[in-house]
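> Next up is a structure, given as structure tokens.
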Amino acid sequence: MGEKRRKIRLQFADFNPAFDREHNDFIRFLRERYDVELTDHPDYVIYSVFGYQHLDYDCIRIFYTGECVVPDFNECDYAFGFDRISFGDRYRRIPFYLLHEYRKGYLDLLKERRIVTREEWRSRKFCNFVVSNCFAEDVRAQFYQKLSTYKQVDSGGRYLNNVGGPIENKESFQKDYRFSIAFENTSYKGYLTEKIVDAFRAYTIPIYYGDPDVSLDFNAKAFINCHDFSDFDDVIAYVKQVDADEDLALEILNQNPIQDRKNPYELKDFLYEIFDRDLKEAGRRPHSINVRQYEAMLKRHRFFEHEIYRPYRKIANTMKRLETGTILRRPGSTDEQNNR
């Protein structure tokens, strides 16, 4: 008989409604090592940014986000996030491109890259844009519209769609283009998602905006970094230059995109560090009267958010989508990029 595995009593809270509690990276990695029971009376809760249910669990709290949100270490014992910070044994930076189905894209970048030829470059269309979130900063739409005055930019997302409907497969769509607009939904140091990886994977030149320090993760010679220019007019002038210069374009396209090779399984390693600890010794967050008062305030806000504001917000969001011409989500869609 094999060695008896440690019992883990776990719950998830405050995730996107599309999150599958039985099929995700957390549960898969933990079940490789432990006997995991999902229960409403957990010793550990892994929670995200879409609510306040985690406040109801007086246990080890582990914060996770795929959004541009900084962990509140008054609320959590441990956290995964985007910020390039150190916080003892309580925090690990894990960019979104290393999580869930997006990890495969990064793993592909670690393989030997093929060479893009002149013939391939010449046969491609100009540029693509894939966005479904109409609530983010208008900077994405502004750049898309500015670049479209130079040449046609094909928009395949639900937002600003001009190709007859949302695309089914992003990689298949992007690979036919010279450039891909790879803008995050906001600009913040460290906030780096799958967008630039998707473009690299499709062998297009990313036009990137988001993390000003993106070149710490990816080779600055392999993409066009909007943060290197004074304004979008200068970015577009350089895009035009690359578009017209095959030698320059192929030099960019055929660079190795990786600058700092990441551990694709950083999530697994950090989870094991946390869950290997004795439960009695695993707690890290403060339990002072000030923190208790802070959590009580958050619970009062939760009532307002759920009972009063949320119904209004649903109506306002629908009106925003209609106003911007955003194609409504297909029934039953679980596409996490709906929020991106």
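Only the coordinates and a few stated rules stand behind these numbers; no lab work does. Every value quoted in this text rests on a predicted model; they were computed, and no experiment measured them. No Cβ is skipped: glycine too gets one built from the backbone with ideal geometry, and neighbour counts run over all protein chains shown.
> Which FRET efficiency value, to the nearest 0.05, is calculated for Tyr188 and Asp35 with the Förster distance at 41 angstrom and r the Cβ-Cβ distance? Kindly include the intermediate steps, with their values, before the conclusion.
On the way: r = 39 Å, r/R0 = 0.94.
Once rounded, the FRET efficiency stands at 0.60.
> Please express the shape of region 113-254 as an equivalent ellipsoid: the semi-axes are the square roots of 5 times the eigenvalues of the C-alpha gyration tensor, given largest first in whole angstrom.
Rounded to whole Å, the semi-axes are 20, 18, 15.
> May I pose another question? Of the candidates Tyr47, Tyr159, Tyr272, which one comes out as most mobile in a Gaussian network treatment of the chain with C-alpha springs shorter than 10 Å?
Result for the chain, Cα springs under 10 Å: Tyr272 fluctuates most.
> I would also like to ask the following. Counting other C-beta atoms within 10 Å, which of Lys4, Lys320 has the fewest, and how do the rest follow?
Lys4, Lys320
> So if R0 is 45 Å, what FRET efficiency would Tyr272 and Arg118 give, r being the distance between their Cβ atoms, rounded to the nearest 0.05?
The formula returns an efficiency of 0.40 here.
> How large is the convex hull of the Cα atoms of region 1-116 per residue, expressed in Å³ as a whole number?
Spread over its residues, the Cα hull of region 1-116 gives 168 Å³ apiece.
> Here's something else I'd like to know. I want the antiparallel fraction of DSSP beta bridges within the chain, as a percent rounded to 5.
5
> Next question. For the cross-link pairs Lys111/Lys240; Lys268/Lys299; Lys175/Lys195; Lys146/Lys195, which exceed 25 Å when the distance is taken from alpha carbon to alpha carbon?
In this structure, Lys111/Lys240; Lys268/Lys299 exceed 25 Å between Cα atoms.
> Divide by every residue of the chain the summed helix terms, -39500 (n - 2.57) for each DSSP H run of at least 4, and state the resulting mean residue ellipticity at 222 nm, rounded to the nearest 500 deg cm²/dmol.
Estimated from H runs of four or more residues: -9000 deg cm²/dmol.
> Over the chain, what is the mean sequence separation of C-alpha contacts under 8 Å (at least six apart), divided by residue count, expressed as relative contact order in percent?
On the way: 512 pairs, mean separation 59.1, N = 340.
Over the chain, the number comes to 17 percent.
> If you don't mind, another one. Roughly how many whole Å is it from the C-alpha centroid of region 109-148 to that of region 174-214?
The two parts, judged by their Cα centres, are 8 Å apart.
> Tell me the angle of helix 266-275 to the major Cα principal axis of the chain, expressed in degrees between 0 and 90 and rounded to the nearest ten.
Its long axis makes an angle of about 10 degrees.
> Could I ask something else about it? Roughly speaking, what is the stretch gain from His301 to Asp89, that is 0.36 nm per residue apart minus the C-alpha to C-alpha distance, in nm to one decimal?
Additional length available on full extension: 73.3 nm.
> How tilted is helix 289-304 with respect to the longest principal axis of the chain? Cα atoms for both, answer in degrees (0 to 90, nearest 10).
Helix 289-304 sits roughly 60 degrees off the main axis of the chain.
> Run the numbers for Leu107 and Glu246: contour at 0.36 nm per residue of separation, minus the present Cα-Cα distance, in nm.
This chain segment gains 47.2 nm when fully extended.
> Using only the Cα atoms of region 265-309, build the gyration tensor, take square roots of its eigenvalues as a ≥ b ≥ c, and label the shape rounded, prolate or oblate: rounded if a/c is under 1.5, else prolate if a/b is larger than b/c, else oblate.
It comes out oblate by the Cα gyration axes.
> Additional query: For region 89-172, state which trypsin sites (Lys or Arg not before Pro) are in a DSSP loop and have at most 12 other beta carbons lying within 10 Å of their beta carbon.
Passing sites in region 89-172 are Lys111, Arg114.
> Within region 166-196, report the GluC sites (Glu not before Pro) that DSSP leaves as loop and that have at most 12 other Cβ atoms within 10 Å.
Glu168
> Something else: Kindly provide the Kirkwood hydrodynamic radius of the chain in Å, to one decimal, from all pairs of distinct alpha carbon atoms.
22.0
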